[in-house]
Structure formats: C-alpha cells, structure tokens
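Contents: one structure, followed by commentary.
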Amino acid sequence: MSGLTAEQLDHYKNNGYVSPVDALSSLEAKEIRDEIEKIEKNWPGALEGINRNYVHLISPIFNKVCLNKNILDAVESIIGKNILICGTTLFIKNPNEKGFVSYHQDAKYIGLEPHNWVTAWVAITDSNEKNGCMRMWSGSHKDNLKEHDQKFNEGNLLTRGQTVKNVPKQETTPLILEAGQMSLHHPTVVHGSELNRSNDRRIGFVIQSYIGTDVKQVLGKNSVQLARGVDEFNYHEKIGRPKNLLDLKDIKLKKQENDNLQEIFYKGSDKKGKF
Ligand SMILES: O=C(O)CCC(=O)C(=O)O
C-alpha cells in the first residue's frame, strides 16, 4: 500500500483536509466525463437533482472509481484497512447556472458515528477558483459541530441549504485540482464553494463517504459496499455492484437508497430555522 505520506497525513490532521492527491489518470477522468454526458444525452433527467446521488449503483464505470487503488490506499491511511462505501454524489456546476455550496460540516446532517470516515472529492474536470472549486476553513474540524441555519436558498446545491454563520471566507483555502486528482476531507471541517464563472462545466465525483466498518448510521439506514478488508461489525446491509449501465434492478436500488438518504437529511427539519 502506498497511501498518504507522513506529511500529507499531518496536513490532514492539522487542517481537516489534504489536497491534491493523485487518484485517476486524465484519461480515466475523461472516460468518466464521457459516461456522465452519455447518460445525460440518452436518459434526460437521469442525472438531475437528487438523481446525482448513488450513480455508482447504476454505472460500472463509477463503481470502479470507488475501488480505485490510489484512492483506497489514501483513505486507508486515514480510517484504517476495513473500508465501506456508504454513498456517492456528483457535484456538477454548469456554466451560466447559479450553483454554489454554502459553508457546512458534513457530519452535521449525515448521521454517521463515530467520525471514522472521510470524503473523497475526485475532480472529473479541472477545479479552480474561476469555476468554483471547494474551499476549506482550515482547522475548523477541531471545534466539533457548529450551529447551522437551514436556508433552502436558490442555487444552493445542498438539500437544506445548511449554512454555518460567520465563516471567514477570505481565510478559506481553495482546493485547486487537475482532472483526476482528488482532495480528502474530514467529517467536521467547514467547507463550501462559489459560483462557476468559467465557460465549461465543473464536475466532482464525490464518495461521501468512505466509512470504517465501526461506523453506525444513527439517523436512519444506509446500505453499503465493502471496498477493502473485512467487516467485523456488520452494522449495514450489503449491496451488490452494477454489471451494466442503468439496469432496471439497479435503478430500483438507487431509488431506495435515495429515499433512505432523504429521510436522513430531513430528519428533525421543519423546513426552516436552525439545527
Ligand atoms: O462540490 C462542491 O462544491 C462542494 C462539495 C461538498 O460540499 C462535499 O463534497 O462535501
């Protein structure tokens, strides 16, 4: 196993993220972009809104990314050798759209305890300040969970528009990635992203998250795939891998996982206020 260097791991522990880390070749990243654009062309709506979740359940190409050795080696350095894939999503910002991501902590609403998990943000296109790359509030993961407003605001790519107040935006660090590179971030680091002001799409395929086998879902239920090692805890139902693109039984499974996820996201939500 190669994994993160001691320096990269130190950076992760001190700042709550590490970036850039080499994951895919630029050719592999292009293959994934082509897969996205093929699905969008042939099955309109199949990758809109919440349908961007769990694409690894309906596409063998995406499933293969979740099992990529470079990614898993780096993830293993952080959460240990027994690794489950809990979910994935696509964060796509098209040019001329108003998409942004408010500053938030993933652990606030996802129900995964303890925090032995990590999110891998894999750049399918280059990601930079012009096209609205992710930005991290370094060190904010050390302060545990913060109060979030839920804003449900237009253009916000987050379900509840969950927003941490008073983030010092000028002090946040942009995570500049070339297509094929990734960043890894901690469950409690505060992060967000601005608009895409470029002429091309900005696409991230996000494994959210890789969880240790000791992690429970305390707000609902998730099904998982075993990525590496053994599951000595068996807290979650195991699901299979897709063999073909958009097989009907896989579409059904994806919908079921999405329904479970929406229940988790909206738990305790009255569609307004703080949480
Ligand atoms: O893609 C983005 O801009 C934000 C992604 C994000 O919030 C996440 O991966 O947790």
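Here are the numbers for the structure shown:
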| item | result |
| --- | --- |
| Scan of segment 91-106 for residues that are within 8 Å of the ligand (Cβ to nearest atom) and not in a loop (DSSP other than H, G, I, E, B), ordered by number | PHE91, LYS93, PHE100, VAL101, HIS104 |
| Some residue of segment 1-17 being within 19 Å of the chain's Cα centre (by Cα), at positive phi, at pLDDT 95 or above and of a type outside the set (Phe, Trp, Tyr) | yes |
| Residue list for segment 2-26, filter: loosely packed, with under 15 Cβ neighbours inside 10 Å and either in contact (Cβ under 8 Å) with a residue 12 or more places away in the chain or not in a helix (DSSP H, G or I) (or both) | SER2, THR5, ASN14, ASP22, SER25, SER26 |
| Residue among ILE211, ILE207 that is more than 13 Å from the ligand (Cβ to nearest atom), open to solvent by less than 10 Å² (accessible area, probe 1.4 Å) and either in contact (Cβ under 8 Å) with a residue 40 or more places away in the chain or assigned to a strand (DSSP E or B) (or both) | ILE211 |
| Meets criteria (open to solvent by 20 Å² or more (accessible area, probe 1.4 Å), modelled with pLDDT under 95, basic (Lys, Arg) and farther than 30 Å from TYR235 by Cβ) for LYS146 | no |
| Criterion (of a type outside the set (Lys, Arg) and closer than 18 Å to ASN244 by Cα) met by exactly one of ILE58, ILE50 | ILE58 |
| Test result for HIS115, at pLDDT 95 or above, assigned to a loop (DSSP other than H, G, I, E, B) and under 24 Å from LEU261 (Cβ atoms) | yes |
| Residues being closer than 21 Å to HIS104 by Cβ and not small (Gly, Ala, Ser) - total across segment 15-28 | 3 |
| Whichever residue in segment 206-258 is within 20 Å of the chain's Cα centre (by Cα) and basic (Lys, Arg) and, among such residues, is farthest from HIS56 (Cα to Cα) | LYS216 |
| So ASN166, is it more than 14 Å from the ligand (Cβ to nearest atom), without any contact (Cβ under 8 Å) to a residue 40 or more places away in the chain and open to solvent by 10 Å² or more (accessible area, probe 1.4 Å) | yes |
| Hits in segment 36-64 - residues which are assigned to a helix (DSSP H, G or I) and open to solvent by 10 Å² or more (accessible area, probe 1.4 Å) | GLU37, LYS38, GLU40, LYS41, ASN42, GLY49, ILE50, ASN51, ARG52, PRO60, ILE61, LYS64 |
| GLY111 vs. criteria touching a strand residue (DSSP E or B) at 6+ places or on another chain (Cβ under 7 Å) and away from the ligand (no atom under 13 Å from the Cβ) | yes |
| Output for segment 75-90, where each listed residue is assigned to a helix (DSSP H, G or I) and touching a helix residue (DSSP H, G or I) at 6+ places or on another chain (Cβ under 8 Å) | SER77, ILE78 |
| Failed condition for SER198, given (1) within 16 Å of the ligand (Cβ to nearest atom); (2) touching a His at 6+ places or on another chain (Cβ under 9 Å); (3) open to solvent by 10 Å² or more (accessible area, probe 1.4 Å); (4) assigned to a loop (DSSP other than H, G, I, E, B) | (2) |
| Any hit, segment 130-142, residues being assigned to a strand (DSSP E or B) and among the polar types (S, T, N, Q) | no |
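The values are calculated or read from the model by the stated rules, or taken from the named source; none is laboratory data. All values reported here derive from a predicted model rather than from experimental measurement. Note: ideal-geometry Cβ built from the backbone for every residue, glycine included; neighbour counts use all protein chains shown. All accessible areas refer to the heavy atoms of the entire protein, side chains included, with ligands and DNA or RNA removed. Shrake-Rupley method; radii C 1.70, N 1.55, O 1.52, S 1.80 Å.
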